[in-house]
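To start, the structure itself, in structure tokens.
The values are calculated or read from the model by the stated rules, or taken from the named source; none is laboratory data. Everything quoted here is computed from the prediction, not taken from an experiment. For neighbour counting, all protein chains shown are included, and Cβ atoms are generated from backbone atoms with ideal geometry for every residue, glycine included.
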Number of protein chains: 2
Amino acid sequence: MNRRTEPSLERRAIAGISDGGFDSVEKRAAASASSTPATSALADSFNGLPGHVWPRNARRQDDGVVTVAGVPLPEIAETYGTPVFVVDEDDFRSRCRDMAEAFGGGHNVHYASKAFLTRTIARWIDEEGLSLDVASLGELQVALAAGFPASRITVHGNNKTDTLLRASVTAGVGHVVLDCAEEIGRLSAIAVEEGVVQEVLVRVKPGIEAHTHEFIATSHEDQKFGFSLASGSAHAACLAAVDAENLKLVGLHCHVGSQVFDAQGFSLAAERLLGLMGELKRDLDPEDASAAVSILDLGGGYGIAYTEGQDPLDVPEVAATLLREVTTHAESLGLTPPELLVEPGRAIAGPSTVTVYTVGTVKDVHTAQDSTRRYLSVDGGMSDNIRPALYQAEYEGRVVNRFVDGEGISTRVVGSHCESGDILLSDVIYPDDITAGDLLAIAGTGAYCYAMSSRYNMFTRPAVVTVRAGRTRLMLRRETLDDLLSLEDGQF
Amino acid sequence: MNRRTEPSLERRAIAGISDGGFDSVEKRAAASASSTPATSALADSFNGLPGHVWPRNARRQDDGVVTVAGVPLPEIAETYGTPVFVVDEDDFRSRCRDMAEAFGGGHNVHYASKAFLTRTIARWIDEEGLSLDVASLGELQVALAAGFPASRITVHGNNKTDTLLRASVTAGVGHVVLDCAEEIGRLSAIAVEEGVVQEVLVRVKPGIEAHTHEFIATSHEDQKFGFSLASGSAHAACLAAVDAENLKLVGLHCHVGSQVFDAQGFSLAAERLLGLMGELKRDLDPEDASAAVSILDLGGGYGIAYTEGQDPLDVPEVAATLLREVTTHAESLGLTPPELLVEPGRAIAGPSTVTVYTVGTVKDVHTAQDSTRRYLSVDGGMSDNIRPALYQAEYEGRVVNRFVDGEGISTRVVGSHCESGDILLSDVIYPDDITAGDLLAIAGTGAYCYAMSSRYNMFTRPAVVTVRAGRTRLMLRRETLDDLLSLEDGQF
């Protein structure tokens, strides 16, 4: 413990260092001394909770504590530990109702299970009168285990096994979405065996790729789902479905993209699918034709705001536009306007939820640009939110246990995984008074976060709690060591 | 079911179509007629199992069936279902021994748990005399639950909680790797409270980023781990660790990258860390100095071959070079050469394992280039292997239930998830006679596949079986619907 020489760096010793590396302890002390006691503009902004990003029932109290549906987030962190997902039930339900209202009723709105599914979620969807999309045997089973009415379930998938098809048919699902040619024969055979006439949609590749603020029209699409419109494959699939025993074609389906902020892609896709419906009307018996053009399912992709700078898609406006356009265009083709179906997942589940983390180590790092970046480590990461690493997704965070009052500093919020790519917020300007023990909530984590969660680094998956009218309820308990070991037999 | 007109596409109807979309049924029929019965060069190559990619005990029998350690993969698929991970135990163990031999003994080789950890794996590592790296409370707990000796465990992490530090100290782990300044004080306090002197390493950012076939030397590193060498922060951390009560600094640690195929990055990092050791020898009491320069831990990153075109890093050669260089350079600095430690994860676990999938739908899709791409769907995907989507990782697949004998066709192997990015092999030339029901194995899936697996789309995670000398053993059972529901309470 003794030292032979007295290095100049010794004064940077550990006493009292609770918030950083050695890189810039002095620099930060200086910055702190020069900052004024008044709240900075950045802090003002950072303490805000923009309504289009945060759950509808999120509020910051006078003491700086953030509540959701009246429940203080620090209280939830205390009770359930962190990281913890907090779902604003009324936010979730209200988005169900908004969608239903915009699209002419809950039966036209199919919640996409893949965004986030539990039995509780399935119950909420049922209670709000929405329908449900599933894309695997597991999603179907969970929905049925929740008592969700099979008649309001639609089954998707590029690789539906016979097991899934049979389970769907015997459960009595509303629709199966046909995705490839050989599936038509397999489903038909199963429907015959089970003595069921199964209603089906045909998934069409309309040659539209919708992106955030634009769309691309291509004549072909190099992806795994559906039948090409341009090649005639979609048309052929429809005829085959009509021909197939015990299948009843009732409409067309397409999906143009994810996180779409502009309605034009949906409009053009609708127009193209209506064109195919016109052909079907020409080519089929009146009775088959009438059934086949009953439903126009435009899939999902309705963009939400993950950060303050993003504008979520205005769903009522888009719905009104689409409904009007579809009616007009259908009538111009001599078609009775089909029912317009949509499949939101993220747009319902996403904004309802925040993930609350505890800030751990705080480290200032010299960057290549000879400036400093602060690394705030939190107690979760890519295991509970893979989207930043997988899709370069951006999010917005807030300290939720108090007001912050610092100057802005270039910051990166990282997780605790043993991987340098484990980054939650890559490059943000955050107040410099965020310290170990603060609670940092990240908004918009209701979709594709828990649903894609892993146990990487043997992290136990977080608890998910729901809040409503001041009450908290555990939806999914936190995993434990026993869960990590539960798949091994006793004689490892 | 009747049709008013007779569309030209009707002849493409469903009868007998078992392997594709409508897009190119005729084209494929024509191709099939013109192919010769002789095996193509592609098929010859495709039926091969390059030894540097496939498990050491993988063989293709005369009947075309692939065995691992004498167990036919179709038999495993039949018994355990697909997808299924198959671990060649002797391959795994032999790579442990190769590493131990190359680096002067198993105690110098720390298996990186994050690559893949179960109690069985921990037992194998123990039996082979290796040490173990953990980077979370969960990894530590699983290792201890397996009876792994704590004294051979090293604890990593950029955000170690007090809970993890205390669990480490009380368990008696060999080393804790210090990652940031404030951690030094916390660990010291805990060690004092527990009455333990904890040996520690200091994680250094050496300013080297090693990539596949090159390295980049930078003066600073913009990442979350460790203390900067260039800024003096690493030096200061070492002095602080020496000063801290109940901590004993015994060496330095660094990690230069992943999937590294060139030893130069390791060499330069070693040289830089030895430079710091020289400074410590100058600045510390002889006793402290002697301890502080005992261990030089160069981390992991030893590249493996995922595809036939890749050459795995020659570990014995690299080890010999590093050991020689470290000895020479240490002596030139007047240092006793430190023990050289390494932390392979992927290089041990990766090549031992294949994932066996069942091929489902086969679909030919017109691409934007007006050519055709075949989409082979398998019954897993990004839930059991996120690496292609996350890192654009490439893999190599083989049909393992028979010889294939087709012409080459541009192919994409996709999973069954409801996401167009769910791709396992993005762009390969595969024989065109692969059909539904074939078993497709993907090699090199032992690291970062199961470890990062999710239940996305409510997929139940695959079984993991080990094979050795003709015997099969279940290591992790397949998840079931009950597992999907187990975290919800009864009153959902």
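Is it the case that B:Asp489 is charged (D, E, K, R) and not assigned by TED's automatic domain parsing to the domain that holds B:Ser40? Judged against the criteria, B:Asp489 is a match. When the range A:454-487 is filtered for residues that are closer than 28 Å to B:Leu132 by Cβ, in contact with a strand residue (DSSP E or B) (Cβ under 6 Å, 6 or more places away or on another chain) and at the interface with another protein chain (Cβ under 7 Å from one of its Cβ atoms), the ones remaining, listed by number, are A:Ser454, A:Leu487.
Within 24 Å of B:Arg468 (Cβ to Cβ), in contact with a helix residue (DSSP H, G or I) (Cβ under 9 Å, 6 or more places away or on another chain) and at pLDDT 95 or above, is that true of B:Ala77? It is false that B:Ala77 is within 24 Å of B:Arg468 (Cβ to Cβ), in contact with a helix residue (DSSP H, G or I) (Cβ under 9 Å, 6 or more places away or on another chain) and at pLDDT 95 or above. Among the residues of the range A:90-114, those that are within 14 Å of chain B (Cβ to nearest Cβ) and either outside any helix (DSSP H, G or I) or surrounded by fewer than 24 Cβ atoms within 10 Å (Cβ to Cβ) (or both) comprise A:His110, A:Tyr111, A:Ala112. Do we have any residue at all in the range B:310-329 that's within 30 Å of B:Glu419 (Cβ to Cβ) and either surrounded by fewer than 21 Cβ atoms within 10 Å (Cβ to Cβ) or at pLDDT below 95 (or both)? Yes, the range B:310-329 contains a residue that is within 30 Å of B:Glu419 (Cβ to Cβ) and either surrounded by fewer than 21 Cβ atoms within 10 Å (Cβ to Cβ) or at pLDDT below 95 (or both).
A:Ile442 meets each of the listed conditions (1) surrounded by 22 or more Cβ atoms within 10 Å (Cβ to Cβ); (2) at the interface with chain B (Cβ under 8 Å from one of its Cβ atoms) apart from (2). Scanning the range B:375-396 for residues that are out of contact with any helix residue (DSSP H, G or I) (no Cβ under 9 Å at 6 or more places or on another chain), in contact (Cβ under 8 Å) with a residue 40 or more places away in the chain and more than 8 Å from every other protein chain (Cβ to nearest Cβ) yields a count of 3.
Taken over the range A:410-422, the residue count meeting the criterion of being surrounded by fewer than 21 Cβ atoms within 10 Å (Cβ to Cβ) and either of a type in the set (A, V, I, L, M, F, W, C) or under 24 Å from the mean Cα position of the chain (by Cα) (or both) is 1. Once the range B:198-221 is narrowed to residues that are of a type in the set (D, E, K, R) and within 30 Å of B:Ile153 (Cβ to Cβ), the residue that is farthest from the other protein chains (Cβ to nearest Cβ) is B:Glu199. Among the residues of the range A:54-85, those identified as of a type in the set (S, T, N, Q) and surrounded by 14 or more Cβ atoms within 10 Å (Cβ to Cβ) are A:Asn57, A:Thr67, A:Thr82. Scanning the range A:119-145 for residues that are under 22 Å from A:Asp297 (Cα atoms) and among the aliphatic types (A, V, I, L, M) yields a count of 9.
Restricting attention to the range B:301-309, does a residue exist that is outside any helix (DSSP H, G or I), within 12 Å of another protein chain (Cβ to nearest Cβ), surrounded by 24 or more Cβ atoms within 10 Å (Cβ to Cβ) and at pLDDT below 95? Checked the range B:301-309: at least one residue is outside any helix (DSSP H, G or I), within 12 Å of another protein chain (Cβ to nearest Cβ), surrounded by 24 or more Cβ atoms within 10 Å (Cβ to Cβ) and at pLDDT below 95. Inspect all residues belonging to the range B:470-487 and state whether any of them is under 29 Å from B:Ser94 (Cβ atoms), assigned to a strand (DSSP E or B) and either among the basic types (Lys, Arg) or modelled with pLDDT under 95 (or both). Yes: one or more hits.
The residues in the range A:131-162 that are assigned to a helix (DSSP H, G or I) and facing chain B (nearest Cβ under 10 Å) can be counted, and the count is 10.
Of the residues in the range A:183-194, not one is at pLDDT 95 or above and within 18 Å of A:Leu276 (Cα to Cα). Restricted to the range B:339-361, and to residues that are over 9 Å from the mean Cα position of the chain (by Cα) and not in a strand (DSSP E or B), which residue is surrounded by the fewest Cβ atoms within 10 Å (Cβ to Cβ)? That would be B:Glu343.
Of all the listed residues (A:Leu268, A:Leu274), the sole one being under 30 Å from A:Asp311 (Cβ atoms), more than 14 Å from chain B (Cβ to nearest Cβ) and in contact with a helix residue (DSSP H, G or I) (Cβ under 9 Å, 6 or more places away or on another chain) is A:Leu274.
If the condition is being of a type outside the set (D, E, K, R) and within 22 Å of the chain's Cα centre (by Cα), then the range B:145-158 contributes B:Ala146, B:Phe148, B:Ile153, B:Thr154, B:Val155, B:His156, B:Gly157, B:Asn158. Assess whether A:Ile125 counts as being touching a strand residue (DSSP E or B) at 6+ places or on another chain (Cβ under 6 Å), part of a helix (DSSP H, G or I) and of a type outside the set (Gly, Ala, Ser). Spelling it out, A:Ile125 is indeed touching a strand residue (DSSP E or B) at 6+ places or on another chain (Cβ under 6 Å), part of a helix (DSSP H, G or I) and of a type outside the set (Gly, Ala, Ser). Reported count of residues in the range A:171-216, each being crowded, with 24+ Cβ neighbours inside 10 Å and either among the hydroxyl-bearing types (Ser, Thr, Tyr) or under 19 Å from A:Val260 (Cα atoms) (or both), is 5.
Entry remark, the range B:383-403: residues being hydrophobic (A, V, I, L, M, F, W, C), surrounded by 19 or more Cβ atoms within 10 Å (Cβ to Cβ), part of a loop (DSSP other than H, G, I, E, B) and more than 15 Å from the chain's Cα centre (by Cα) number 1 in total.
Applying the selection to the range B:244-256, what residues are outside any strand (DSSP E or B) and either touching a helix residue (DSSP H, G or I) at 6+ places or on another chain (Cβ under 6 Å) or not assigned by TED's automatic domain parsing to the domain that holds B:Thr154 (or both)? Residues satisfying the conditions are B:Ala244, B:Glu245, B:Asn246, B:Cys254, B:Val256.
Scanning the range B:266-296 for residues that are within 16 Å of B:Glu331 (Cβ to Cβ) and in a strand (DSSP E or B) yields a total of 1.
Looking at this structure, is A:Tyr375 at pLDDT 95 or above, farther than 28 Å from A:Leu313 by Cβ and either in the same structural domain as A:Met452 (by TED's automatic domain parsing) or not in a loop (DSSP other than H, G, I, E, B) (or both)? Yes, satisfied.
For the range A:257-265, the condition holds for no residue, the condition being that it is charged (D, E, K, R), buried (at least 19 other Cβ atoms within 10 Å of the Cβ) and not in a helix (DSSP H, G or I).
Each residue in the range B:445-469 was checked for being outside any strand (DSSP E or B), of a type in the set (Gly, Ala, Ser) and under 17 Å from B:Glu75 (Cα atoms), and 1 pass.
Condition check for B:Thr435 on (1) surrounded by fewer than 19 Cβ atoms within 10 Å (Cβ to Cβ); (2) at pLDDT 95 or above; (3) touching a helix residue (DSSP H, G or I) at 6+ places or on another chain (Cβ under 7 Å): one failure, at (3).
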